[in-house]
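Visitor: This structure is in structure tokens; I'll ask about it shortly.
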Amino acid sequence: MDKRVDNIIIGFGKAGKTLANYLASKGEKTILIEKSPKMYGGTCINVGCIPSKFLATRADRRPFSNINNRDYYKKSVEDKKGLIVKLNKVNYDKVANNENVEVIDGLGSFIDDHTINIKTDKGDYQVYGERIFINTGARPFVPKVEGLEIRKRIHSSETLMDLEEFPETLAILGSGFIGLEFAATYAKFGTKVTIIDMGVKILPREDEDVAQEVFESYKSLGVDFIFNAALEKVDQDEETVKIKYSVNGQKQELTTDEIATEALLVATGRRANTEELNLEKAGVKVSERGFIEVNKHLQTNKDHIFAMGDINGGPQFTYVSLDDYRIVKSYLDGKDEYTRDDRQPIAFSAFLHPTFSKVGLSENDAIKAGYKVKVAKLPVTAIPKAKILGNQTGIYKAVVDADTEQILGVVLFGEESHEVINIVVLAMIMKQPYTVLANQIFTHPTMAEALNDLFGMIK
């Protein structure tokens, strides 16, 4: 055995890095293992929400620039890269400068339930940890289709954001939130975007009226959709990607002006990063979906091994990973004050056209769950601030329990909804009736004040 420590953390994500500093502050010797130096800080900072929202913001500002699409796009990507390098270093320094934390660049895998092998450029060595925390996240999923592999002009969400060459045409495989986010960003940069999906419509888990609003907003951007499409084969060369697919059994090819698309984004979901961990040697159980099984304290079936972040099958958001840290901290402190069962309602925002934000149940899901509901819908065209912002696209929708007056769920599809949704979440956490938002005095003009009108429609 090369070394023994109190804690081993595999993965430099939000939960892992925060926990490392906390444990170190208590004087506990901790090793933090990260496979790639490019991932200090985790998915969000390096290849997820921060770079994608940076590019989305630059795309929104495209109309205010006089330079051509290619130069504007390239400068945006270059600036994005510069920002991420800085954030990556800041995150590394915050942990590495702690005298009780050793950051090791390498691939960590289990030898047994206490021992980790670390494969580095300088060779392998083994460390023993009293406790082990897994925070290895998730990665883009690529379906098994002939010719479909991430290289050259075929991209994952992670590699596309590093592409400095402006794509005149872009095909996106998948119409989930990731695919839709990139579709909006690149359409605003000036790219001709086509979305290919095996489903019959976008956002099938959302209420039909909401999904239709989103669909129409994308049509207004000039985005084309191909539904009921089964991908059969992909060919690529140095300049183009040719996509062969079938719709209702009829074979077709995706072409634009008689040439194939310049780039293809595979946006078909994410999978847990477990393959290289050798979990079977530690006896750690994995679910049928490939995620590590955990209890309410985020312990695996081995009490001293924990799994945090995307790897444990929870919502794949950086703020949920941070909350995972809070759960583990509570358990380690012996307080048992906060568990997964105590988690508050979790909102999410997808930066579509405009931002799509949601918390709680949809109308359909609430009815299926047995609730007697009251529903209100407000078009964004009715909100004065939307007129000021120059984008009146969208809809606000609220679902309320008719018996208790509690808010069951809200969708805010409109500008600045990523900020407004937090007001709704707070009301739900405090278990306030919907009337609190119907009667709250908001500042004016704001997108938030529309909550008065939205909830005021419920009688």
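Visitor: Length gain on complete extension for the stretch residue 111 to residue 406, per 0.36 nm per residue less the alpha carbon to alpha carbon distance? Kindly include the intermediate steps, with their values, before the conclusion.
Guide: Numbers: separation 295, 0.36 × 295 = 106.20 nm, distance 5.03 nm.
So the chain would gain 101.2 nm between residue 111 and residue 406.
Visitor: Take every Cα pair under 8 Å in the range 348-456 that's 6+ residues apart, average their separations, divide by the length, and report that relative contact order as a whole percent. Write out the running numbers ahead of the final one.
Guide: Working: 208 pairs, mean separation 30.8, N = 109.
About 28 percent, as a whole number.
Visitor: If you take the alpha carbon radius of gyration of the range 348-456 and divide it by 2.2 N^0.38 Å, what ratio comes out, to two decimals?
Guide: Compared with the compact-globule rule of thumb, the range 348-456 sits at 1.00.
Visitor: Hey, with R₀ at 25 Å, roughly what FRET efficiency would residue 339 and residue 430 work out to, going by the Cβ-Cβ distance, to 0.05? Can you show the working numbers first?
Guide: Working: r = 20 Å, r/R0 = 0.80.
The pair residue 339/residue 430 has a calculated efficiency of 0.80.
Visitor: Using packing as a proxy for protection, rank 396-406, 333-343 so that the peptide with the highest average count of other Cβ atoms within 10 Å comes first.
Guide: Details: 396-406: 18.9, 333-343: 12.2.
Result, highest mean first: 396-406, 333-343.
Visitor: Follow-up. Can you order the peptides 345-358, 439-452 by their average number of other Cβ atoms within 10 Å per residue, highest first? Mind dumping the intermediate values first?
Guide: Values: 345-358: 21.8, 439-452: 16.1.
Per-residue mean Cβ counts within 10 Å order the peptides as 345-358, 439-452.
Visitor: Thinking of the chain as a set of Cα atoms, what percent of all their pairs are more than 39 Å apart?
Guide: Details: 30103 of 105111 pairs.
Of all Cα-Cα pairs in the chain, 29 percent lie more than 39 Å apart.
Visitor: Would you mind computing, in nm to one decimal, how far apart the modelled labels at residue 280 and residue 212 are, each placed 7 Å from Cα along Cα→Cβ?
Guide: Simple spin-label model gives 5.1 nm for this pair.
Visitor: Roughly how many nanometres apart are two label points built 7 Å out from the Cα toward the Cβ at residue 6 and residue 452?
Guide: 5.3 nm
Visitor: Now a separate question. Using only the Cα atoms, what convex hull volume per residue in Å³ does the range 76-138 have? Mind dumping the intermediate values first?
Guide: Numbers: hull volume 8.0 nm³, N = 63.
For the range 76-138, the hull spanned by Cα atoms encloses 128 Å³ per residue.
Visitor: Then there's this: Scanning the chain for helices, which whole DSSP H stretches are 15 Å or more long along the axis (Cα) and average 1.0 or more by Kyte-Doolittle? Display every interim value, and only then the final one.
Guide: Details: long enough: 14-25 (17 Å, -0.12); 49-60 (16 Å, 0.18); 69-96 (40 Å, -1.10); 177-189 (18 Å, 0.95); 208-220 (18 Å, -0.87); 318-332 (21 Å, -0.07); 417-429 (18 Å, 1.74).
Those that pass (Cα extent of 15 Å or more, hydropathy at least 1.0) are 417-429.
Visitor: If you count the DSSP beta bridges with both ends in the chain, what percent of them are antiparallel, to the nearest 5?
Guide: Antiparallel bridges make up about 60 percent of those DSSP assigns within the chain.
Visitor: Let me have the 222 nm mean residue ellipticity of the chain computed from DSSP H runs of 4+ only, each contributing -39500 (n - 2.57), with the sum over all residues rounded to the nearest 500. Let's see the in-between values first.
Guide: Details: 14 runs with 143 residues, N = 459.
Taking each H run of at least 4 residues, the total per residue is -9000 deg cm²/dmol.
Visitor: In Å and on Cα atoms, what radius of gyration and Dmax does the range 117-264 show?
Guide: Cα only, the range 117-264: 18.9, 62 Å (Rg, Dmax).
Visitor: Using a Förster distance of 45 Å, how high is the FRET efficiency between residue 235 and residue 304, based on the Cβ-Cβ distance and rounded to 0.05? Could you put the intermediate results ahead of the total?
Guide: On the way: r = 50 Å, r/R0 = 1.10.
The calculated FRET efficiency here is 0.35.
Visitor: Okay, next question. Residues of the range 301-324 with backbone nitrogen within less than 14 Å of a virtual label 7 Å along the Cα-to-Cβ line of residue 26, please, listed as ranges.
Guide: Counting only backbone N, you get 304-306.
Visitor: Please list the radius of gyration and Dmax for the range 153-237, considering alpha-carbon atoms only, with Å as the unit.
Guide: Looking at the range 153-237, its Cα Rg and Dmax stand at 13.0, 41 Å.
Visitor: Moving on. Kindly list the residues of the range 164-191 that lie in the label zone of residue 71, defined by a backbone N under 14 Å from the point 7 Å along the Cα-to-C-beta vector.
Guide: none
Visitor: Same structure again: Run the numbers on the chain and let me know its relative contact order in percent, using alpha-carbon pairs under 8 Å that are six or more apart. Numbers along the way, then the final one.
Guide: On the way: 938 pairs, mean separation 62.6, N = 459.
Contact order relative to length: 14 percent.
Visitor: Counting pairs of alpha carbon atoms under 8 Å apart in space and at least six apart in sequence, what relative contact order in percent does the range 1-94 give? Show your work: numbers first, answer last.
Guide: Numbers: 85 pairs, mean separation 24.2, N = 94.
With pairs under 8 Å counted, the relative contact order is 26 percent.
Visitor: Determine the dipole magnitude for the range 154-268: charges of +1 sit on the beta-carbon of Lys and Arg, -1 on that of Asp and Glu, nothing else is charged, the reference point is the Cα centre, and the result goes in debye to the nearest 20. Each step should come with its number before you reach the end.
Guide: Values: 9 positive and 23 negative charges, 81 e Å.
Using Cβ point charges on Lys, Arg, Asp and Glu, the range 154-268 gives about 400 debye.
Visitor: Can you order the peptides 14-24, 86-96, 154-164 by their average number of other Cβ atoms within 10 Å per residue, highest first? Can you show the working numbers first?
Guide: On the way: 14-24: 24.1, 86-96: 15.7, 154-164: 18.6.
Going by the mean number of other Cβ atoms within 10 Å, highest first, we get 14-24, 154-164, 86-96.
Any read-out appearing in this document is the output of simple, stated calculations on the displayed coordinates, not a laboratory observation. Remember, it's a predicted structure, so these values are computed and weren't measured experimentally. Virtual Cβ from ideal backbone geometry, glycine too; neighbours counted across all protein chains shown.
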